[in-house]
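What follows is a short report on a single structure.
The values are calculated or read from the model by the stated rules, or taken from the named source; none is laboratory data. The structure displayed is predicted, hence computed values, not measured ones. Reconstructed Cβ throughout: ideal geometry from the backbone, glycine too, with neighbour counts over all protein chains shown.
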Amino acid sequence: MMGKIKKKILITGIQGMLGQDLSQVFDSDYEVYGIDINPDTDKPRVFLADITQRKDLEALFLQIKPWMVIHGAAFTNVDLAESEQEQAKAVNVLGTENIAFLCQQYNAKLIFISTDYVFDGNKKTAYIETDKPYPLNYYGCSKLAAEQRVAACLTEYIIVRTSWLFGTKGKNFVKAIVNKARADGDLKVVNDQIGSPTYTLSLAQALFWLTKSVFQSESEQSSYGIYHVSNSGQCSWFEFAQAILELTGIKAKLEPVDSDYIARAAKRPKFSVMDKSRFEKITGKKLCLWKQALEQYLSQEKNQVVLPEE
Ligand SMILES: NC(=O)c1ccc[n+]([C@@H]2O[C@H](COP(=O)([O-])OP(=O)(O)OC[C@H]3O[C@@H](n4cnc5c(N)ncnc54)[C@H](OP(=O)(O)O)[C@@H]3O)[C@@H](O)[C@H]2O)c1
């Protein structure tokens, strides 16, 4: 008997932390293609492409003809974006505009990954999708400008704002804390920025549910647009670090400090917790608490660098 033909999806930034988990999750139901600036071309259906180069992208769209694109490729170094604004703009704004334009030309649906850093953090309750964004740093500005280009270009799109990602396939806060705790056993971590840590595998699963609920059901056009998605609960970076040490059993001296104590090029919002009701209503799903997600992540990492030797 012939197998069912799978819809084609194209993931940009497939070599990144989120991209690799997306590839794994979507592979069950879709024919997954990927592009990246620095790809592992040994993998099938993965291509080298720079999203700032529209002509190169167009050739791939023509070849693949994706049903949907998940656009995760980005200039993600928040501090470096302050000094390399031109490059951050080229990748985050113009690159996203290229992707949105080609989705329009080739009639593909789009999920664009954005950030909680579009908000200034002055709110006292969780941000909803219609709250006015006001980014504090250049990275946030570039992602907001990208959101606006997507909305101007397309109808069938989803913008997912997410936060504080950690995943097994990339550099992240969990690995940084573990490495630093092991190296000098003395950590100072900011306690005045509150957000929601999010495991990339949880987020990939959430995007899979959103795809089914928004693009593959009888849902109305009103279900397009912005969604806030992160693991449940909230904490400061200090509390996140505390949980990492507690769950890994690594002994280290951990001290809470204010943001002003640690000099960083980019300003961050003090509070960027987001309300996920819209996502939960349309999918009927809720992502687990960030601490449970951290436990899942650590069990994935068990045989790698994170856990101390027994
Ligand atoms: N990390 C977070 O905490 C966080 C929070 C909120 C939202 N987000 C958003 O979530 C998405 C995924 O984040 P992530 O942390 O998984 O990012 P990541 O690991 O940095 O992955 C991004 C991927 O895109 C690639 N890329 C960069 N410039 C490109 C270009 N011009 N053309 C093609 N590919 C390019 C990167 O390659 P190189 O590594 O070689 O540059 C990398 O493989 C991003 O859109 C990010 O803005 C992230």
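Residues that are of a type in the set (Ser, Thr, Tyr), modelled with pLDDT of 95 or more and assigned to a helix (DSSP H, G or I): does the stretch 260-272 have at least one?
Quick first cut of the stretch 260-272, residues of a type in the set (Ser, Thr, Tyr) only: 261, 272.
From what is left, the residues that are modelled with pLDDT of 95 or more are 272.
Now narrow it down to the ones that are assigned to a helix (DSSP H, G or I): none.
No: zero hits.
Give me a count of the residues in the stretch 190-243 that are within 16 Å of the ligand (Cβ to nearest atom), of a type in the set (A, V, I, L, M, F, W, C) and within 21 Å of Pro269 (Cα to Cα).
Adding up the residues that qualify gives 8.
Do any residues in the stretch 228-241 that are closer than 23 Å to Ile159 by Cβ and surrounded by fewer than 23 Cβ atoms within 10 Å (Cβ to Cβ) have Cβ atoms under 6 Å from those of residues that are among the hydroxyl-bearing types (Ser, Thr, Tyr) and modelled with pLDDT of 95 or more, where the two are at least six apart or on different chains, and which pairs are they?
Once the first residue is closer than 23 Å to Ile159 by Cβ and surrounded by fewer than 23 Cβ atoms within 10 Å (Cβ to Cβ) and sits in the stretch 228-241, its partners that are among the hydroxyl-bearing types (Ser, Thr, Tyr) and modelled with pLDDT of 95 or more give Gln234/Ser196.
Looking at the stretch 2-24, which of the residues that are more than 28 Å from Tyr297 (Cβ to Cβ) and out of contact with any Lys or Arg (no Cβ under 8 Å at 6 or more places or on another chain) is nearest to the ligand (Cβ to nearest atom)? Don't jump to the end; show me each part of the working.
Initially, the stretch 2-24 is screened for residues more than 28 Å from Tyr297 (Cβ to Cβ), giving 2-8.
From the residues that got through so far, the ones that are out of contact with any Lys or Arg (no Cβ under 8 Å at 6 or more places or on another chain) too are 2-7.
Numbers: Met2: 35, Gly3: 31, Lys4: 30, Ile5: 28, Lys6: 24, Lys7: 22 Å.
Ranking the candidates gives Lys7 first.
Go through the stretch 69-85 residue by residue and tally those that are away from the ligand (no atom under 11 Å from the Cβ), part of a helix (DSSP H, G or I) and more than 26 Å from Leu102 (Cα to Cα).
Within the stretch 69-85, the subset away from the ligand (no atom under 11 Å from the Cβ) is 69, 79, 82-85.
If we keep only those that are part of a helix (DSSP H, G or I) as well, we get 82-83, 85.
Checking the rest, the ones that are also more than 26 Å from Leu102 (Cα to Cα) come to 82-83.
Result for the stretch 69-85: 2.
Those residues that are in a helix (DSSP H, G or I) and either basic (Lys, Arg) or over 17 Å from the mean Cα position of the chain (by Cα) (or both), I need them from the stretch 140-157; list them, please. Spell out the reasoning first.
Step one: list which residues in the stretch 140-157 are in a helix (DSSP H, G or I), which gives 140-153.
Within the stretch 140-157, Lys143, Gln148, Arg149, Ala151, Ala152, Cys153 qualify.
Can you tell me how many residues within the stretch 158-175 are part of a loop (DSSP other than H, G, I, E, B) and either crowded, with 22+ Cβ neighbours inside 10 Å or near the ligand (Cβ under 8 Å from one of its atoms) (or both)?
Of the residues in the stretch 158-175, the ones part of a loop (DSSP other than H, G, I, E, B) are 163-164, 167-172.
In the following step, the residues that additionally are either crowded, with 22+ Cβ neighbours inside 10 Å or near the ligand (Cβ under 8 Å from one of its atoms) (or both) were identified as 163-164, 167, 169-172.
Of the residues in the stretch 158-175, 7 are part of a loop (DSSP other than H, G, I, E, B) and either crowded, with 22+ Cβ neighbours inside 10 Å or near the ligand (Cβ under 8 Å from one of its atoms) (or both).
Give the number of residues within the stretch 106-125 that are within 16 Å of the ligand (Cβ to nearest atom) and either more than 30 Å from Leu60 (Cβ to Cβ) or of a type outside the set (Ser, Thr, Tyr) (or both). Steps first, answer last, please.
Taking the stretch 106-125 first, the residues within 16 Å of the ligand (Cβ to nearest atom) are 110-121.
Pick out the ones that are also either more than 30 Å from Leu60 (Cβ to Cβ) or of a type outside the set (Ser, Thr, Tyr) (or both) and you get 110-113, 116, 118-121.
Selection size over the stretch 106-125: 9.
Being more than 10 Å from the ligand (Cβ to nearest atom) and either closer than 30 Å to Ala265 by Cα or over 16 Å from the mean Cα position of the chain (by Cα) (or both) narrows it down to one of Asp50, Asp36, Asp27, Asp56, so name that one.
Values: Asp50 fails: more than 10 Å from the ligand (Cβ to nearest atom); Asp36 fails: more than 10 Å from the ligand (Cβ to nearest atom); Asp56 fails: more than 10 Å from the ligand (Cβ to nearest atom).
None of the others qualify; the one that does is Asp27.
I need the full set of residues from the stretch 199-220 which are within 19 Å of Leu18 (Cα to Cα) and hydroxyl-bearing (Ser, Thr, Tyr), in order please.
Selection gives Tyr199, Thr200, Ser202, Thr211.
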